[in-house]
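First the structure, in the form of structure tokens, and then the observations on it.
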Amino acid sequence: MDIVLRAALAFFFIFFLTRVVGRRELSSLEPFDLIMLIVLGDLVQQGVTQSDYSVTGLVLAGGTIAVMQVAVSYVNFRFKRLRTVLDGEPMVLIEDGRVLERNLKRERLTREELEEQARLSQIGSLDEVRWAVLETSGQISFIQKQ
């Protein structure tokens, strides 16, 4: 039972951590970020199972995390009011060609990063953008002016 409680606590800790880190960082992992993610996984594993290397410990910890993920996914699907807490909300970054600096700061994005994403979407200038929205997945959607 101890492993199940530790796995549940680890799940909520990781969930909280991903919300604090933010969408932009998770959508574009750099090599250092990937290494830190692997190290975090190892640290969480040590905290969850301690020195239990049994198959039972593996099944309990893995099963608990899987059940927690399914539960959060179901709650997110079933209860609309909790979606903003669990997934966040899309953030408008550009409105009618005007960059919303306040929203960029809130998401820790630079104008240069926004321009880079626009170029990757075949947009030459931010003036051509009607809307740019940072989606909950971390991707930026661009809608061009007509």
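Odds and ends about this structure:
- Check on R108, among the charged types (D, E, K, R), at pLDDT below 90, exposed (fewer than 13 other Cβ atoms within 10 Å of the Cβ) and outside the structural domain of F15 (by TED's automatic domain parsing): yes
Residue-by-condition table, conditions (1) surrounded by fewer than 14 Cβ atoms within 10 Å (Cβ to Cβ); (2) in a loop (DSSP other than H, G, I, E, B):
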{"position": "L40", "(1), (2)": "yes, no"}
{"position": "Q46", "(1), (2)": "yes, no"}
{"position": "Y53", "(1), (2)": "yes, yes"}
{"position": "G57", "(1), (2)": "no, no"}
{"position": "L60", "(1), (2)": "no, no"}
{"position": "G63", "(1), (2)": "yes, no"}
{"position": "A71", "(1), (2)": "yes, no"}
{"position": "Y74", "(1), (2)": "yes, no"}
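- Number of the exception - V99 against (1) of a type outside the set (G, A, S); (2) within 21 Å of the chain's Cα centre (by Cα); (3) surrounded by 13 or more Cβ atoms within 10 Å (Cβ to Cβ): (2)
- Restricting segment 76-96 to residues that are in a loop (DSSP other than H, G, I, E, B) and in contact with a Lys or Arg (Cβ under 7 Å, 6 or more places away or on another chain), the residue that is surrounded by the most Cβ atoms within 10 Å (Cβ to Cβ) is G88.
The values are calculated or read from the model by the stated rules, or taken from the named source; none is laboratory data. Since this is a predicted model, take the numbers as computed values, not measurements. Backbone-built Cβ (ideal geometry, glycine too); neighbour counts: all protein chains shown.
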